[in-house]
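> The structure is given below, and queries will be raised subsequently.
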Amino acid sequence: MFEKFLSHDVQYLRSSEIRDLLKLTEGKNVISLAGGLPDPSTFPVEDIKRIAEDVISSKPEISLQYTPTPGITEFREQLVKLASLRGITGIDPTNTFATVGSQEALYMTFNLLVDPGDYVAVEKPTYLTALNVLRARRPNYVGVPLTPEGPDLDSFESSLRRLKAEGKRLKLFYVIPTAQNPGGTTMNLNDRKRLIELAEEYDFLIAEDDAYGFLVFEGDSPPPLKALDRSERVIYLGTFSKILSPGLRLGYVIASKEFINELELLKQNLDLHTPSLTQMIAAEAIKRGVIERQIPIIRKTYKEKRDVMLQAIEESFPKDAKWSRPVGGMFVFVWLSEKFDTVKLLEEAMRRGVAYVPGSSFFYDYSGRNTMRLNFSFPSKDELRRGVEILGKLLKEVSA
Ligand SMILES: Cc1ncc(COP(=O)(O)O)c(C=O)c1O
């Protein structure tokens, strides 16, 4: 009945397959390797309780009041400090912007930059919900294949050359350089430098999604592209979802002042400002060292769970399957032999008690039908073992 009233643009909205899936598994006896929830045991509950009480009683005129659109000054000052832990220096609070999760930052960034028909590069595969936002902008895609080392920059450079030869121009590359979701890859320092050089040579912007930058649990986390950016081409998106609590819905952007001004204009139309209370809680959590204390705990938890998942996969998946060995983040990505269709297989997997996300959701062209994403941050270790074992058995049966 509502259809005739809806605006033209509504047809480009896509529901997140993951959310739909989670709905299907609700209340059922299914081990979900599908979601992307943090392990709730990593939430610093007591600290957040204490801080919330403190900021409400000591500064109600800020924490309960309307506040400026780009963010509360105290929070933006603390963002500068947090960014320095990722090696981002040479910025001040006016280079920062508070958002409702990094999801809102993605929405605003793509809406500010991408017109229908613009050329936008994305990794193949890439973060599903970012793709859904992009789809609504109707760009032309440049797919950058993911290798075990991250995006294939040789292939990307050929695409850039080809576009240039055709008189076209890439506008934006949306990239997740560290602990990529879903691919599990992390770019090395040389590739990071090369990507920045390509952006300068071919004159495009980079939207760097660093959702998992603090969650590297093996080796050092390489500096984000933003730390190497000398020409203000990188729009950096960060989040508190993985290092404090996703329910706070708090993210941030670090970018040129020019871009921050544009974000401010858009956000005035969207939601006026990010909730004051959550900004104050996060600012205080950084100030009191809660986040710095919590990060090693989260890394340890996820490293252990990753190891459990990798071992279970090794033991039970078909021998011709390949999978990522992520040094951080929350996911393992699996490439099965070409004969598998993970979309079709999902129903039977769920019937047997395990859910995953079919990998094609993460490809802008819905290719990758033989891939799947498995989450290791939320299920218990026992569920990880059992879930992978059920899945491995099913895969072997199908390939037999
Ligand atoms: C790569 C990536 N970017 C962005 C987000 C969005 O996070 P949030 O909106 O909770 O900050 C996620 C969440 O899973 C993610 O994996």
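The values are calculated or read from the model by the stated rules, or taken from the named source; none is laboratory data. Small disclaimer: the values here were computed from a predicted structure and weren't measured. Reconstructed Cβ throughout: ideal geometry from the backbone, glycine too, with neighbour counts over all protein chains shown. Calculation scope for accessible area: heavy atoms of the full protein, side chains included, ligands and nucleic acids excluded. Shrake-Rupley method; radii C 1.70, N 1.55, O 1.52, S 1.80 Å.
> Could you tell me how far the Cα centroid of region 290-332 sits from the Cα centroid of region 341-365, in Å?
20 Å
> What is the projected area of the convex hull of the Cα atoms of the chain, averaged over all directions, in nm²?
Mean projected area of the Cα convex hull: 20.8 nm².
> Can you tell me how much longer the chain between residue 322 and residue 54 gets when fully stretched, taken as 0.36 nm per residue apart minus their C-alpha distance, in nm with one decimal?
Computed gain between residue 322 and residue 54 is 91.5 nm.
> Just flag the GluC sites (Glu not before Pro) in region 326-400 sitting in loop per DSSP whose Cβ has no more than 16 other Cβ atoms within 10 Å.
Passing sites in region 326-400 are 338.
> Give me the orientation-averaged projected area of the Cα convex hull of region 153-274, in nm², one decimal.
9.1 nm²
> Which residues does the label zone of residue 46 cover in region 283-306, counting backbone N under 20 Å from a point 7 Å along Cα→Cβ?
Residues 284-301 fall inside that zone.
> Something else about it: Calculate, in nm to one decimal, what residue 13 and residue 268 gain on full extension: separation in residues at 0.36 nm each, minus their alpha carbon distance. Write down the numbers at each step before the final one.
Details: separation 255, 0.36 × 255 = 91.80 nm, distance 2.22 nm.
Gain on stretching residue 13 to residue 268: 89.6 nm.
> I've got another one for you. For region 77-85, just list the computed ³J(HN,Hα) in residue order, Karplus coefficients 6.51, -1.76 and 1.60, θ = phi - 60°, integers in Hz, with x standing in for Gly and Pro.
These are the phi-based 3J(HN,Hα) values: 5, 6, 5, 4, 5, 4, 4, 5, 5 Hz.
> Shifting gears a bit: Along the Cα→Cβ direction, 7 angstrom out, place labels at residue 292 and residue 65. What is the inter-label distance in nm?
3.0 nm
> Where in the chain lies the longest segment free of chymotrypsin sites (Phe, Trp or Tyr not before Pro) that are both loop residues by DSSP (not H, G, I, E, B) and have at most 14 other Cβ atoms within 10 Å?
67-365
> Straight distance only, please: which lysines reach the Cα of residue 124 with their own Cα at less than 17 Å, same-chain residues fewer than 8 apart left out?
Cα-Cα hits under 17 Å: 322.
> Between region 141-177 and region 40-103, what is the separation of their alpha carbon centroids in Å?
35 Å
> In nm, to one decimal, how far is the residue 188 label point from the residue 341 one, both placed 7 Å along Cα→Cβ?
Going from the residue 188 label point to the residue 341 one covers 3.9 nm.
> To continue, here is another question. Run through the DSSP bridge list for the chain and note the antiparallel percent, rounded to the nearest 5.
Around 50 percent of the beta bridges assigned by DSSP in the chain are antiparallel ones.
> Okay, next question. With all protein chains present, how much of the accessible area of region 45-291 (probe radius 1.4 Å) comes from carbon and sulfur, to the nearest whole percent?
50 percent
> Sort 220-230, 44-54 by packing, meaning the average of other beta carbons within 10 Å per residue, with the highest value first.
220-230, 44-54
> Please give the per residue accessible area of the chain, computed with a probe of 1.4 Å over protein heavy atoms only, in Å².
Values: 17510 Å² over 400 residues.
Ligands and nucleic acids excluded, the result is 44 Å² per residue.
> Using only the Cα atoms of region 208-258, what do you get for the radius of gyration and for Dmax, in Å?
12.1, 36
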